[in-house]
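Right, one structure below, let's go through it.
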């Protein structure tokens with residue numbers, strides 16, 4: 001007896017009508033994907049040299065050497081929910097400060113990008129509050145303000161390394177959900 | 001017999017690969033530097049001028065000679081150096097008469113004295129003038145100990161020990177001298 | 001062949017531990033001045049008289065004639081340790097030797113006063129001198145331009161009878177005259 005074998009072949013076929021006709025048929029492919037949220041600094045480093053920090057008249061902190069000084073980084077974020085935060089570290093020199101003297105300069109740093117701003121004071125540990133910066137590409141301008149010394153005393157002469165500190169700007173994209 | 005094959009469209013799904021667990025936080029750093037120059041500033045002397053008045057005795061066995069003059073103290077308030085290794089120096093210049101002619105035998109136109117600066121480092125900085133009676137060699141300098149830390153303090157300068165060369169009679173006139181106080185880095189040893 | 005190995009010492013420029021002072025007005029050295037003034041007024045001290053303060057002339061007359069002796073003399077007095085601390089004048093003044101008890105005008109032929117010259121030497125180049133009874137004593141005051149200290153010798157000499165050498169002196173055991181030497185500071 002002859003056996004008939006039928007092979008089911010998956011195929012992308014359109015159901016054909018009972019009667020053969022010459023009409024067009026349409027097939028649909030759905031494609032989807034996702035882009036992860038990212039932030040990047042295209043210019044991640046800058047140096048702000050403030051020069052002489054003390055007043056010639058009395059040896060105390062010259063706040064005008066700090067306040068209003070700016071540096072510019074550049075970067076981008078691709079997420080509308082991206083945030084920006086600032087962490088400020090005070091200026092210090094390694095020499096000890098006897099009574100009547102200070103060896104550190106505290107200040108506030110404010111980062112502005114995409115019309116959003118985030119700031120932090122070196123007087124508080126850790127980063128400042130994050131602000132939503134959103135989707136942007138361009139400058140991140142860091143401005144210093146509110147300079148002070150702990151006792152408003154005489155500034156200790158800087159050691160070989162000078163007075164150093166820094167401002168770290170952190171850009172955080174939102175986490176892209178999977179599925 | 002007709003056979004109808006119905007095929008349903010099968011959708012092909014392209015499944016995206018699951019998002020990898022990676023950090024997309026970016027940080028940028030602004031490094032900030034500055035310096036503070038080494039500086040010393042002496043407070044303005046108070047009083048700036050010490051007026052001894054009459055310095056010769058008017059009566060008694062020392063008539064015409066240098067009288068006993070009590071020490072006088074001048075304060076340089078809130079003097080400071082912001083660096084380690086500073087010293088005070090005093091340079092004492094004898095008081096001499098405004099009449100510059102060489103004095104007759106038995107007379108002096110110079111008054112010597114000691115200036116002592118205290119309040120800075122351990123001990124004092126002192127200088128005693130040793131002018132001759134004609135007023136030559138009027139200046140002496142003394143340096144104090146090295147102050148090892150930055151410091152702010154009142155510096156006191158005391159004038160004392162007023163004498164004349166040979167204890168001779170003072171030529172009549174107005175006498176003036178001065179003390180120069182210097183605050184600065186200790187000399188670098190060779 | 002001996003090889004000589006020469007080691008050049010490394011010269012390290014020693015810098016002060018502190019940063020170099022910047023040319024901005026402030027400096028690592030500060031200097032202040034304290035002035036001290038005083039005055040020594042012009043003053044004079046006329047010294048200490050040597051011995052007692054009197055010239056003792058003894059008997060004034062030649063007893064044979066009743067007239068003034070011609071050999072009167074007395075040792076000089078010295079003002080020891082005189083000084084003036086500035087420019088000064090020395091002035092000598094003297095009063096005639098006069099009878100102290102017999103004070104009425106003496107009768108004709110007699111006199112009750114003896115003149116003399118007092119001279120102060122050792123102070124000025126030209127000695128100051130005063131002659132009693134003279135019409136004028138232009139040398140009585142002399143000037144010393146600078147401070148000075150020295151002994152001043154005061155001598156008396158040139159005795160003469162007031163009214164004339166031929167007059168006899170009235171008897172009196174106390175004829176007295178006074179010599180005054182003044183040194184004074186001047187501007």
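The values are calculated or read from the model by the stated rules, or taken from the named source; none is laboratory data. The structure displayed is predicted, hence computed values, not measured ones. In this analysis, Cβ positions are derived from the backbone assuming ideal geometry, glycine residues included, and neighbour counts consider all displayed protein chains.
Below is a table of values for the structure above.
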item	result
Tally, over the stretch A:27-39, of residues that are within 7 Å of chain B (Cβ to nearest Cβ), farther than 13 Å from residue B:27 by Cβ and in contact (Cβ under 8 Å) with a residue 40 or more places away in the chain	4
From the options A:37, A:33, residue that is modelled with pLDDT of 85 or more, out of contact with any helix residue (DSSP H, G or I) (no Cβ under 6 Å at 6 or more places or on another chain) and surrounded by fewer than 16 Cβ atoms within 10 Å (Cβ to Cβ)	A:33
Residue within the stretch A:138-148 that is out of contact with any helix residue (DSSP H, G or I) (no Cβ under 8 Å at 6 or more places or on another chain) and not in a strand (DSSP E or B) present	no
Which numbered condition residue B:107 fails, given (1) more than 7 Å from chain C (Cβ to nearest Cβ); (2) farther than 26 Å from residue B:141 by Cβ	(1)
Matching entry among B:164, B:143 (being in contact (Cβ under 8 Å) with a residue 40 or more places away in the chain, more than 7 Å from every other protein chain (Cβ to nearest Cβ) and farther than 30 Å from residue C:149 by Cα)	B:143
Residues of the stretch A:88-131 classified as within 12 Å of chain B (Cβ to nearest Cβ) and within 28 Å of residue A:35 (Cβ to Cβ), total	4
Those residues of the stretch B:142-164 which are surrounded by fewer than 19 Cβ atoms within 10 Å (Cβ to Cβ), in contact with a strand residue (DSSP E or B) (Cβ under 8 Å, 6 or more places away or on another chain) and not in a strand (DSSP E or B), in sequence order	B:145, B:146
Tally of residues being closer than 12 Å to residue C:156 by Cα and surrounded by fewer than 20 Cβ atoms within 10 Å (Cβ to Cβ) across the stretch C:99-116	0
Considering residues of the stretch B:120-131 that are crowded, with 16+ Cβ neighbours inside 10 Å and more than 14 Å from chain A (Cβ to nearest Cβ) only, the residue farthest from residue A:158 (Cα to Cα)	B:131
Close pairs (7 angstrom Cβ cut-off, 6 or more residues apart or separate chains): more than 7 Å from chain B (Cβ to nearest Cβ) in the stretch A:40-64, surrounded by fewer than 16 Cβ atoms within 10 Å (Cβ to Cβ) and at pLDDT 95 or above anywhere	A:60/A:152
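A quick yes/no check of all residues on (1) surrounded by fewer than 20 Cβ atoms within 10 Å (Cβ to Cβ); (2) facing another protein chain (nearest Cβ under 7 Å); (3) modelled with pLDDT of 95 or more:
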| site | (1), (2), (3) |
| --- | --- |
| B:3 | yes, no, no |
| B:11 | yes, yes, no |
| B:19 | yes, yes, no |
| B:56 | no, yes, yes |
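The rows are residues; the columns are (1) under 30 Å from the mean Cα position of the chain (by Cα); (2) buried (at least 19 other Cβ atoms within 10 Å of the Cβ).
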site	(1), (2)
B:71	yes, no
B:78	yes, no
B:97	no, yes
B:111	yes, yes
B:134	no, no
B:169	no, yes
B:174	no, no
